[in-house]
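Following: one structure in structure tokens, then a few remarks.
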Ligand code: ADP
């Protein structure tokens, strides 16, 4: 059986929390497609190309994982791919309300779609792209939170955004 899952997100930038979900998620399927959302209301620090490049570099050694751009609705992407389910990560209770709504809406739009949640590992329970950006902008060490390839540009952009020079 050729089982496919889609793991959607904005990944601005990818963190070790996302990578934990990817590593564990790919064990459930033959093919895990990480779908980088482009058209959302969010203001991004990195372009979709940069977000995909960072992800591709990070998943390079994980067999069965590929990274794609997703332009429209998640359910359309899932349907076109013939995917079996959508994969999402759950951290604290705070994620629940949003994830619950999204899974429900997606099911309304496409009744066959299932959403499978993986609960965050202990190490990555408090990790979010937003906090990693804030820490980097204030000169903090983010090497435990995001892959090395992301760090220089993340620091540069966030420091510029927060009006801090290096050092
Ligand atoms: P969004 O799709 O809301 O922009 P992200 O791109 O930040 O979110 O994350 C994509 C998915 O990964 C979401 O399901 C989110 O809950 C999950 N996720 C993010 N960080 C973690 C983490 N540290 N542990 C588990 N899941 C996470």
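Since every read-out is calculated from the coordinates, none of them should be taken as a lab result. Predicted, not measured: the structure shown is a model, and the values here were computed from it. A quick note on method: Cβ atoms are made from the backbone with ideal geometry, for glycine too, and the neighbour counts reach across all protein chains shown.
With the helix formula -39500 (n - 2.57) applied to DSSP H stretches of n ≥ 4, the chain reaches a computed 222 nm mean residue ellipticity of -12500 deg cm²/dmol. A Förster radius of 35 Å combined with the Cβ-Cβ distance from residue 101 to residue 134 puts the calculated FRET efficiency at roughly 0.85. Helix 48-59 and the longest principal axis of the C-alpha atoms of the chain enclose an angle of approximately 80°. To the nearest ten degrees, helix 93-109 and the longest principal axis of the Cα atoms of the chain are 40 degrees apart. From the square roots a ≥ b ≥ c of the eigenvalues of the alpha-carbon gyration tensor of region 1-48, which class results: rounded (a/c under 1.5), prolate (a/b over b/c), or oblate? Oblate shape, in that a/c is at least 1.5 and b/c is the bigger or equal ratio.
Sort 98, 7, 110 by Cβ crowding within 10 Å, fewest neighbours at the top.
On the way: 98 10, 7 25, 110 15.
Taking fewest neighbouring Cβ atoms as first place, the list is 98, 110, 7.
Translational diffusion of region 86-167, estimated by Stokes-Einstein from the Kirkwood radius over alpha carbon pairs at 37 °C in a medium of 0.692 mPa s, is 221 µm² per second.
Quick check on region 4-123: take the gyration tensor over C-alpha atoms, sort the square-rooted eigenvalues as a ≥ b ≥ c, and tell me if it's rounded (a/c under 1.5), prolate or oblate. The partial results should precede the final answer.
Numbers: a/c = 1.20, a/b = 1.17, b/c = 1.02.
Taking the square roots of the gyration eigenvalues as a ≥ b ≥ c, region 4-123 is rounded.
Counting other beta carbons within 10 Å of each Cβ, put 61, 10 in order, fewest first. Mind showing how you got there, number by number?
Working: 61 7, 10 15.
Starting with the residue having the fewest Cβ neighbours, the order is 61, 10.
Using the alpha carbons of region 123-167, what is the convex hull volume per residue in cubic angstrom, as a whole number?
On the way: hull volume 2.9 nm³, N = 45.
Spread over its residues, the Cα hull of region 123-167 gives 64 Å³ apiece.
Between residue 41 and residue 62, the contour length at 0.36 nm per residue exceeds the Cα-Cα span by 4.5 nm.
For 41, 99, which order do you get if you count the other beta carbons within 10 Å of each Cβ and list the fewest first?
Details: 41 4, 99 16.
By the 10 Å Cβ count, ascending: 41, 99.
Please list the three semi-axes, largest first and in whole Å, of the ellipsoid equivalent to region 84-132, using sqrt of 5 times the eigenvalues of its alpha carbon gyration tensor. Spell out each step's value before the answer.
Working: eigenvalues 109, 26, 14 Å².
With the √(5λ) rule applied to region 84-132, the semi-axes are 23, 11, 8 Å.
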